[in-house]
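The values are calculated or read from the model by the stated rules, or taken from the named source; none is laboratory data. Worth saying up front: this structure is predicted, and the values here are computed from it rather than measured. Every residue, glycine among them, receives a Cβ derived from its backbone with ideal geometry; neighbour counts consider all protein chains shown. All accessible areas refer to the heavy atoms of the entire protein, side chains included, with ligands and DNA or RNA removed. Shrake-Rupley method; radii C 1.70, N 1.55, O 1.52, S 1.80 Å.
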Amino acid sequence: LLGGMSLKNKMWTEQVRDELKDDFETEILYYDHWESGVENMNFEVEGQKLAKMCQGEYVIFAKSAGSWLTLILAAEGKIKPAKTVLVGPAWNWARNNGLDPEKLAAKVDVPVLVIDKTSDPAISFAQLKSEVEKLDKPNFRLIEVPGDNHSYEDVSGLGKMVREFLAK
């Protein structure tokens with residue numbers, strides 16, 4: 001389980017873990033900057049930690065900036081999840097931080113569930129859908145949830161979507 005950049009994602013990721021614990025063994029990637037108070041994550045350091053965690057068969061569940069850490073490592077072949085769940089993937093943030101969302105997503109061939117809010121300020125569902133459709137990636141399944149923020153507070157609803165996706 002990977003949260004987003006902000007420290008408030010630490011508690012959210014723990015809530016997701018608690019939601020899924022009866023169905024799945026989970027492990028959280030606790031970012032160093034959450035403890036140090038530095039504003040942004042160090043993608044190289046966190047990528048090394050994630051690569052070490054990802055052994056055997058596993059699924060990645062990642063939110064926002066955690067989505068990009070996941071996609072970078074998957075595109076580089078450093079991790080090979082069986083499936084991936086991306087919540088509020090913040091494509092515009094990725095672009096603004098020197099990443100190429102389309103290029104990274106194009107390299108991912110495993111089943112990917114993408115959950116995005118109708119009016120998420122990091123990327124609206126309509127914009128995300130348009131961009132993913134251009135990639136012609138049938139392995140990407142998009143689900144729109146109502147909302148106009150980047151918080152994804154309905155952890156129970158997320159759990160239900162994850163269980164359904166992983167059961168297929």
Work out Dmax and Rg for region 78-168 from the C-alpha atoms and quote the Rg first, both in angstrom.
-> 12.8, 35
Counting Lys and Arg as +1 and Asp and Glu as -1, what is the net charge of the other residues whose Cβ lies under 10 Å from the Cβ of residue 124?
-> -2
Can you tell me the relative contact order of the chain? Whole percent, Cα pairs under 8 Å, sequence separation 6 or more.
-> 19 percent
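Could you work out the equivalent-ellipsoid semi-axes for the chain, taking the square root of 5 times each eigenvalue of the Cα gyration tensor, largest first, in whole Å?
Largest first, the chain gives 20, 18, 18 Å.
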Residue 114 long-range amide H proximity, modeled H, under 5 Å = 86, 141, 142, 143
Could you run the Debye sum over the Cα atoms of region 36-128, one equal point scatterer each and no solvent, and tell me log10 of I(q)/I(0) at q = 0.17, 0.24 Å⁻¹, two decimals?
-> -0.72, -1.35
Which ³J(HN,Hα) values, rounded to whole Hz and listed in residue order, are derived for region 121-126 from phi using the Karplus coefficients 6.51, -1.76 and 1.60 in 6.51 cos²θ - 1.76 cosθ + 1.60 with θ = phi - 60°, glycine and proline given as x?
-> x, 7, 4, 6, 4, 4
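Express the carbon and sulfur contribution to the solvent-accessible surface of the chain as a percent, rounded to the nearest whole number, probe 1.4 angstrom.
The nonpolar share, carbon plus sulfur, comes to 49 percent.
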Check residue 63: other-chain or 5+ apart residues with amide H under 5 Å from its amide H, H built from backbone geometry?
-> 2, 3, 4, 87
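Where does each of 130-142, 109-121 land if you order them by average Cβ count within 10 Å, highest first? Each step should come with its number before you reach the end.
Details: 130-142: 13.5, 109-121: 19.2.
The densest-packed peptide leads the list: 109-121, 130-142.
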Taking 7 Å along the Cα-to-C-beta vector as the label spot, tell me the residue 96-residue 43 distance in nanometres, rounded to one decimal.
-> 1.5 nm
Give me the accessible area of residue 60, 1.4 Å probe, in Å² rounded to the nearest 10.
-> 10 Å²
Tell me, what is the per residue accessible area of region 30-168 in Å², probe radius 1.4 Å?
-> 49 Å²
With springs only between Cα atoms under 10 Å apart, run a GNM on the chain and tell me which of 43, 61, 125 wobbles the most.
-> 43
Farthest toward the dipole's positive end in region 17-97, which of 97, 26, 36, given Cβ charges of +1 (Lys, Arg) and -1 (Asp, Glu) about the Cα centre?
-> 97
